[in-house]
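Single-structure report; data block below.
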Amino acid sequence: MVAGASRCPQAIRGYDSRPVNIDLRDSWTLGNVLIPSRLVLAPMAGVSVQAFRRQGRRYGAGLVCSEMVSVAGIQHRNERTLGYLRVGADEHPLAIQIFGSDPVAMAEAARMVEAAGADVVDMNFGCPVKKVTKTGAGASLLDDPDRACRLVEAVAGATSLPVSVKTRRGVENGSRDCLTVGPRLVEAGAASLTLHPRSAKQMYTGTADHSLTAELVSLVNVPVIASGDVTSRAKAQAVLATTGAAAVMVGRGAQGNPWALREIMGDDSEPSREEIVAELLLFIRETVRELGEFRATGFLKKFYGWYLGQGRFPKPFKQELVVLKTIDEVESRLLAAAPGAADVLERLEADLGPADEVLLDSLPISLYGGG
Ligand SMILES: Cc1cc2nc3c(=O)[nH]c(=O)nc-3n(C[C@H](O)[C@H](O)[C@H](O)COP(=O)(O)O)c2cc1C
């Protein structure tokens, strides 16, 4: 069984202790888009690169999301921002998430997202980071429901794709604002809501209070996705059973741990050392292709700990990897630790199709290592 995952529903604090049996493999629809499972991979800034999303699809996520993309960056045709709009052929269904506070700019960004080949436009009304909230975007929109509704109307009117909104419970601790704002966003055109029931002030402390998710589900007639603290099949089933949500979203639990997704989908076999190293090597290669070696070298360091931690490899091994200067050295060191990983990697690479399906002529592929 994957480290950190619990097979036993009794272990969940605050949840009904009776075993529940919800089929995570059920499909559902978000607008007119068929989502083939009730597991969604969370958008995470600095994490949700294409390699992460493609891996998430392989391990059972029915919907994957880009990290939040700045509408101002799209407007200014910022090269790095446009890189976030690259869509892989095997990522569908994929949501691209945008953030901003100006309806005209949001509408234009939504059109770009559609042209890029995404299946869903997701709007970020939950980011708690000051740099974002001080511009009137992210979680601060929960304090400005009129603007929030105007943004949803503008985006829903600009694209034929379904529009979803991801939000928190409110800005202040204990806030229940999501319950008043959520239904208004649906009236404004949102085809789905994702709730991470922590306040913006909480950031990631405390626990996600999914009793609010259950209340939101009872107030709206669109699918709700439950985000927050889902790390195991038992927790996923308990959250789905107690909230009536259409799907659960998994974020931190999947960092360097696609096997948590596999466990949630019903296969709790432990990954071998070879499998872990092969997935990490594939992730490294894919990320270098996407970001170029220079950016990827720094970006990847946090993933070494995520993949190799959890008691899988001795701690000094990760420390050894993060100080290596080149990706080639990292690859060699990993293969020396698990020589059998080379064969597993070869099979994984053979199974993967071509990476990119770049529809927008203007997307700068050179900087991102080509296709
Ligand atoms: C590193 C990191 C980056 C995140 N970036 C985003 C983001 O870009 N957009 C977003 O809507 N949520 C973002 N989130 C929030 C997650 O999508 C998710 O709602 C939250 O982590 C709770 O789920 P979890 O307990 O499964 O991690 C981020 C979370 C983390 C940890």
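Values for this structure:
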{"quantity": "Label point at Arg25 placed 7 Å out along Cα→Cβ; residues across segment 251-272 whose backbone nitrogen lies under 12 Å", "calculated": "265-267"}
{"quantity": "Top of Ser48, Ser37, Ser332 by mean-square fluctuation, Gaussian network on the chain, Cα under 10 Å", "calculated": "Ser332"}
{"quantity": "Förster radius 22 Å - calculated FRET efficiency between Asp351 and Ala45 (Cβ-Cβ, nearest 0.05)", "calculated": "0.15"}
{"quantity": "At least 18 Å along the helix axis (C-alpha) and Kyte average at least -1.0, DSSP helices within the chain", "calculated": "103-116, 145-158, 273-291, 293-308"}
{"quantity": "Mean Cα-pair separation over length for segment 23-264, i.e. relative contact order, pairs under 8 Å, 6 or more apart, %", "calculated": "17"}
{"quantity": "Efficiency of FRET between Arg333 and Asn221 - r from beta-carbon atoms, R0 51 angstrom, step 0.05", "calculated": "0.45"}
{"quantity": "Proximal lysine pairs, segment 168-320, alpha carbons under 29 Å, eight or more residues apart or interchain", "calculated": "9"}
{"quantity": "From the C-alpha gyration tensor of the chain, square roots of 5λ in Å", "calculated": "32, 26, 18"}
{"quantity": "Among Leu63, Ala107, Leu219 the positive-end extreme of the charge dipole of segment 23-264 (Cβ point charges)", "calculated": "Leu63"}
{"quantity": "Distance from segment 111-146 to segment 160-208 (C-alpha centre basis), Å", "calculated": "11"}
{"quantity": "Point-to-point label distance, Lys302-Ala115, nm (Cα→Cβ direction, 7 Å offset)", "calculated": "3.1"}
{"quantity": "FRET efficiency estimate (nearest 0.05) - Cβ-Cβ, Asp90 to Lys325, R0 22 angstrom", "calculated": "0.10"}
{"quantity": "Contour excess over end-to-end distance, with Cα ends at Asp343 and Thr205 and 0.36 nm allotted per residue", "calculated": "45.6 nm"}
{"quantity": "Computed label-point distance, nm, for sites Glu187 and Arg273 using a 7 Å Cα→Cβ extension", "calculated": "6.1"}
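Any read-out appearing in this document is the output of simple, stated calculations on the displayed coordinates, not a laboratory observation. The model shown is predicted, which means the values in this text are computed figures rather than measured ones. Every residue, glycine among them, receives a Cβ derived from its backbone with ideal geometry; neighbour counts consider all protein chains shown.
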